[in-house]
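Participant: One structure is given below, represented as structure tokens, and several questions about it will come after.
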Amino acid sequence: MNRVAAAVLATPPRLGRVRLVAIDGPSGSGKSTYAAELAAQIPDSRLVSTDEFATWDDPIAWWPRLVAGVFHPLGAGRPGRYRRTQWVNGKPGPGDWVDVPVPGTLLVEGVSSGRRSIMSSLSALIWCELPDPLRRLERAVARDGADSRAELVRWQAFESGWYPVDRTRDRASIVVLCDRSRTSSVR
């Protein structure tokens, strides 16, 4: 992973003075773990997860909240702020406010974080891959609990439509295989 951190640090900032890095890929592919490990290797970095915005019923329409609350202020050299989604008894609602100081590198991790609309501001797009959808589903269920299985199946169906249209993997500057036994850079 040191090679990926070095590659990210070698990219120029494209969101004002901030390097914006998206870590995208399907649910259960290892994005969250990979992003946390990468953030630990990049000095002056912040990590924002799309899980703090998305809900089962709103997988992508929350995007303007991230753009207005985080990307626009950081691009102008000002701190950002957003209200995270909080889950209570399985229901999403408004949670705590999260302040985002201006970092050298902002890592945004999660499904649709590397969407086409943000490409001009991205310094790097990392695609996390685990090709077997059944294995990804089992990893996601292990993470989120057995009660989430039906929602995760529905979420994977959404992803199977989203990614071919957005062509996220095709635009990735770095592709990594995220397997618990090993993580390797593919491209």
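Participant: Pick from G30, G145, G80 the residue whose mean-square fluctuation is largest in a GNM of the chain, springs joining Cα atoms under 10 Å.
Facilitator: Among G30, G145, G80, the largest GNM mean-square fluctuation belongs to G145.
Participant: Please state the relative contact order of the chain as a whole percent: Cα pairs under 8 Å, 6+ residues apart? The partial results should precede the final answer.
Facilitator: Details: 326 pairs, mean separation 58.8, N = 187.
For the chain, the relative contact order is 31 percent.
Participant: Can I ask one more? For the ranges 162-169, 111-118, what's the packing order if you count other beta-carbon atoms within 10 Å of each residue, average per peptide, and put the highest first? Don't jump to the answer; show the numbers that get you there.
Facilitator: Numbers: 162-169: 15.4, 111-118: 20.2.
Ranking, from highest mean packing down: 111-118, 162-169.
Participant: Which number comes out as Rg/Rh for segment 1-135 once both Rg and the Kirkwood Rh are worked out on C-alpha atoms?
Facilitator: On the way: Rg = 14.5 Å, Rh = 15.2 Å.
Radius of gyration over Kirkwood radius for segment 1-135 works out to 0.95.
Participant: To the nearest 0.05, how large is the calculated FRET efficiency for T33 and D170 if R₀ is 30 Å and r is the Cβ-Cβ distance?
Facilitator: On the way: r = 24 Å, r/R0 = 0.79.
Rounded to the nearest 0.05, the efficiency is 0.80.
Participant: Write down the accessible area per residue of segment 34-187 in Å², having rolled a 1.4 Å probe over the full set of protein chains. Let's see the in-between values first.
Facilitator: On the way: 7780 Å² over 154 residues.
Accessible area per residue: 51 Å².
Participant: Next question, about the same structure. Within 9 Å, Cβ to Cβ, of G110, how many net charges do the neighbouring residues add up to if Lys/Arg are +1 and Asp/Glu are -1? Before the final figure, lay out the partial values.
Facilitator: Values: positive: K31; negative: D24, D51, E52, E109.
With Lys, Arg at +1 and Asp, Glu at -1, the neighbours total -3.
Participant: OK, next. At a Förster radius of 25 Å, what calculated FRET efficiency corresponds to the Cβ-Cβ distance of M119 and R154, to the nearest 0.05? Please list the in-between numbers first.
Facilitator: Details: r = 28 Å, r/R0 = 1.10.
Rounded to the nearest 0.05, the efficiency is 0.35.
Participant: Computing the accessible area with a 1.4 Å probe over protein heavy atoms, can you report the carbon and sulfur percentage for the chain?
Facilitator: Working: 4950 of 9170 Å².
Reported share for carbon and sulfur atoms: 54 percent.
Participant: Name the residue, out of D147, D99, D24, whose mean-square fluctuation peaks in a Gaussian network model built on the chain with Cα pairs under 10 Å.
Facilitator: D147
Participant: Divide by every residue of the chain the summed helix terms, -39500 (n - 2.57) for each DSSP H run of at least 4, and state the resulting mean residue ellipticity at 222 nm, rounded to the nearest 500 deg cm²/dmol.
Facilitator: Numbers: 7 runs with 61 residues, N = 187.
So the helix-based figure for the chain works out to -9000 deg cm²/dmol.
Participant: Under a 10 Å cutoff between Cα atoms, tell me which one of S148, S49, S123 has the largest fluctuation in the Gaussian network model of the chain.
Facilitator: S148
Participant: Further, regarding this structure: Looking at segment 65-187, what % of its DSSP beta bridges pair antiparallel, to the nearest 5? All intermediate terms of the calculation are to be shown ahead of the outcome.
Facilitator: Details: 12 of 16 bridges.
So the antiparallel bridges amount to about 75 percent of the total.
Participant: Enter the Cα centre distance for the pair segment 160-181 and segment 59-96, rounded to the nearest angstrom.
Facilitator: One Cα centre to the other: 23 Å.
Participant: A further question on this structure: What spacing in nm lies between the two simple spin-label points modelled at R17 and D99, each 7 Å away from Cα in the Cβ direction?
Facilitator: Taking the simple label geometry, R17 and D99 are separated by 1.8 nm.
The values are calculated or read from the model by the stated rules, or taken from the named source; none is laboratory data. Everything numeric in this text was worked out from a predicted model, so none of it was measured. Positions of Cβ are backbone-derived with ideal geometry, glycine not excepted, and every protein chain shown enters the neighbour counts. SASA here: full protein model, heavy atoms, side chains in, ligands and nucleic acids out. Shrake-Rupley method; radii C 1.70, N 1.55, O 1.52, S 1.80 Å.
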